[in-house]
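Each value in this text was obtained by applying a stated rule to the coordinates, not by laboratory testing. No experiment lies behind these values; they were computed from the predicted model shown. Cβ placement follows ideal geometry from the backbone for every residue including glycine, while neighbour counts extend to all protein chains displayed.
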Amino acid sequence: MQQPLISILIPFKNTQEFLEECINSIIYQSYTNWELLIVDDHSNDESYNIVSSFSKKDSRIILLKNDGSGIINALKLAFSKSTGHFITRMDSDDIMPVDKLKILSNNLLKYGKRHVATGLVSYFSKEGISDGYRKYENWLNKLTIKGNNYTEIYKECVIPSPCWMLYRDDLIEIDAFNSKRYPEDYDLTFRFYEASYKVIPCNEILHYWRDYGTRASRTDNNYAENSFIDIKLHYFLKLNYNTKRPLVIWGAGKKGKTIAKKLNELNIKFHWICDNPKKIGKHIYNIEMKPFQYLERLESPQSIVSVANAGEQEIIKHYFRSQNMESMNDYFFFC
């Protein structure tokens, strides 16, 4: 039986140090029926020449130049030139385990359309991995093992951008890569969620994710925290917010204030609560800060929780459970 063709989409810019290792990890995949659409996003180092050398030796590697600028335009171009039955993404500075394409494609064949195949990820770096990235890795993998990634989608991107695979038709259905909203991987994940595509559970490491100081997610303004809040609010208001229920913000730190300010700009009314006695009774953005027990006076409220401390989050979850409130219906953690 002929293996379905897999199209691999890679944007790259000034990653000359890592490209050879990345491309070799694709060439040596146990699954061989693939095409690589790799797009130069205006590199000014030797990256283009490195990829060009590979493309001359292997006809499966198709080198393109971005006719616009940025990752979204590069992905859009790569997708438009692709012909694969399955589509996946890869970052030009990362590494594929040898069976990545085989495992992802087998899972899609097993579960069928309207599913997202993904896998566990492992960060690596010459300088060592920070506690923050290790916590993100552990959190993400814990979700992926059970396939319940969407249950915490408003916290952070729950599908790793370089470790998913879908049927081509499913990407077309959600108009993938035609959004101007950054971060593009988070936006795409919300599109999966909106379309009710199920995440296939996986307990194998299928992606080695490189961390280093000049990585785009560290330096590009499109990946700033405000962009994350914009995306979270956009999709919350579109998909989960019930206009007939009182809306509540829990927390008055930096993120809570940012969310409150944006809701004010959208003329969306909300109540504001916290458990900090120094802030209770004060007015911020003309909204009086109430104690968290005020929640019990509201009829069927929906709460956005902006409290980041893990210990305090557990206390807040316990409180919601005591009120018979359910996650992703009555309350949503935004951090």
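Worth a mention:
- Amide H contacts of Y123 (H built 1.01 Å from N, under 5 Å, at least 5 apart or other chain): W209
- Inter-centroid distance (Cα atoms) of segment 166-186 relative to segment 101-116, Å: 18 Å
- Check: segment 6-223 dipole with +1 on Lys, Arg Cβ and -1 on Asp, Glu Cβ, in debye: 600 debye
- Ordered by the count of other Cβ atoms within 10 Å of each Cβ, fewest first, I316, I145, I159 give I145, I316, I159.
- Derived scalar couplings ³J(HN,Hα) [segment 155-168; Karplus, 6.51 cos²θ - 1.76 cosθ + 1.60; whole Hz; x for Gly, Pro]: 7, 6, 5, 9, 10, x, 4, x, 9, 9, 8, 9, 5, 3
- Nonlocal amide H pairs with G84, under 5 Å, H built at 1.01 Å: S7
- For K282, the residues whose modelled amide H falls within less than 5 Å of its own, excluding neighbours fewer than 5 places apart on the same chain, are M289.
- Footprinting exposure proxy for H85, H318, H42, H207 (fewest neighbouring C-beta atoms within 10 Å first): H318, H42, H85, H207
- Within the chain, antiparallel bridges make up roughly 15 percent of the DSSP beta bridges whose residues both belong there.
- Translational diffusion of the chain, µm² s⁻¹ [Kirkwood Rh, Cα pairs; Stokes-Einstein; 25 °C; 0.890 mPa s]: 115 µm²/s
- Taking every DSSP helix (H) stretch of at least 4 residues in the chain, weighting each as -39,500 (n - 2.57) and dividing the sum by the residue count yields a mean residue ellipticity at 222 nm of -10500 deg cm²/dmol.
- Cross-link pairs beyond the 23 Å C-alpha cut-off, checked among K56/K126; K126/K146; K135/K261; K102/K146; K56/K81: K56/K126; K126/K146; K135/K261
- Percent breakdown of C-alpha pair distances by 10 Å bin, ordered from the shortest bin, for segment 233-335: 15, 54, 30, 1
- Counting beta carbons within 10 Å around each of V116, V98, V158 and listing the fewest first gives the order V98, V158, V116.
- In sequence order, calculated HN-Hα J values of segment 281-287 (Karplus, 6.51, -1.76, 1.60; Hz; x Gly/Pro): x, 7, 10, 10, 6, 6, 10
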